[in-house]
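Visitor: First the structure, which I've put down as structure tokens, then a few questions once you've had a look.
The values are calculated or read from the model by the stated rules, or taken from the named source; none is laboratory data. Quick caveat: nothing in here was measured; it's all calculated off a predicted structure. For neighbour counting, all protein chains shown are included, and Cβ atoms are generated from backbone atoms with ideal geometry for every residue, glycine included. Keep in mind that these areas ignore ligands, DNA and RNA; they rest on the heavy atoms of the full protein, side chains included. Shrake-Rupley method; radii C 1.70, N 1.55, O 1.52, S 1.80 Å.
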Amino acid sequence: MDDLRIRAAQPADLDGVLAFWKEAAEGTSISDDRSGVERLLARDPDALLLAERDGELAGTVIAGFDGWRCHLYRLAVHPEHRRRGVGSALLAAAEERFVRLGGRRGDAMVLDRNELGRHAWRAAGYAPEPQWTRWVKPLTD
């Protein structure tokens, strides 16, 4: 894992990140566009973490903290880099960020149908809370 580098995304990374998510992430999000990610970085420049191996994007995670809760989104690892510690390293970096910011608990959005993702989250110590259901209302078309 010595060749793995974790860093915060920069505006110049956004097109590559969006292309990466189309290949490596499960599902899509209403915010998976340049303007959505630009807003994320404008509000919280260190929230989008990238894992690089040999200069190539290997994984991502969004580690957002709103001052109240720690939210994890878009944990994605390129298929060629899976099962090599990339996801674990990203989550460790996200959790370290949360602790520095005063966060107390991380929560993750995981698609029910994403068995590979659910396995990765469980392996990292996360578990679903059956008493909660996510409620959403799209604010745009």
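Visitor: Which of the residues belonging to the range 105-141 are part of a loop (DSSP other than H, G, I, E, B), under 16 Å from V61 (Cα atoms) and among the aliphatic types (A, V, I, L, M)?
Guide: M109, V110, L111, A124
Visitor: Under the condition of being over 11 Å from L72 (Cα atoms) and of a type in the set (K, R), which residue from the range 92-134 is least open to solvent (accessible area, probe 1.4 Å)?
Guide: R97
Visitor: Looking at this structure, is A9 over 21 Å from Y126 (Cα atoms), free of Cβ contacts under 8 Å to residues at least 40 places away in the same chain and among the hydrophobic types (A, V, I, L, M, F, W, C)?
Guide: no
Quick grid of which residues meet (1) among the aliphatic types (A, V, I, L, M); (2) touching a residue at least 24 places away in the same chain (Cβ under 8 Å):
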{"site": "L4", "(1), (2)": "yes, yes"}
{"site": "G16", "(1), (2)": "no, yes"}
{"site": "D32", "(1), (2)": "no, no"}
{"site": "L40", "(1), (2)": "yes, yes"}
{"site": "R43", "(1), (2)": "no, no"}
{"site": "F65", "(1), (2)": "no, yes"}
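Visitor: Here is a follow-up. Restricting to the range 84-124, name every residue that is modelled with pLDDT under 95, in contact with a strand residue (DSSP E or B) (Cβ under 9 Å, 6 or more places away or on another chain) and of a type in the set (D, E, K, R).
Guide: Scanning the range 84-124 gives R84, R104, R105, D107.
Visitor: Here are some residues: A12, A63, A51. Which one is among the hydrophobic types (A, V, I, L, M, F, W, C), surrounded by fewer than 13 Cβ atoms within 10 Å (Cβ to Cβ) and outside any loop (DSSP other than H, G, I, E, B)?
Guide: Selected residue: A12, the only one of A12, A63, A51 that is among the hydrophobic types (A, V, I, L, M, F, W, C), surrounded by fewer than 13 Cβ atoms within 10 Å (Cβ to Cβ) and outside any loop (DSSP other than H, G, I, E, B).
Visitor: Determine, yes or no, whether R7 is part of a loop (DSSP other than H, G, I, E, B), out of contact with any Gly (no Cβ under 6 Å at 6 or more places or on another chain) and basic (K, R).
Guide: no
Visitor: Report the residue count in the range 74-91 for those that are of a type outside the set (D, E) and surrounded by fewer than 20 Cβ atoms within 10 Å (Cβ to Cβ).
Guide: Initially, the range 74-91 is screened for residues of a type outside the set (D, E), giving 74-79, 81-91.
Still in the running and surrounded by fewer than 20 Cβ atoms within 10 Å (Cβ to Cβ): 78-79, 81-85, 88.
Qualifying residue count for the region: 8.
Visitor: How about the range 18-30: which of its residues are open to solvent by less than 40 Å² (accessible area, probe 1.4 Å), in contact (Cβ under 8 Å) with a residue 40 or more places away in the chain and within 22 Å of D141 (Cα to Cα)?
Guide: Selection gives W21, G27.
Visitor: Scan the range 122-140 residue by residue and report those that are touching a residue at least 12 places away in the same chain (Cβ under 8 Å) and of a type outside the set (G, A, S).
Guide: Correct list: Y126, P128, R134, P138, T140.
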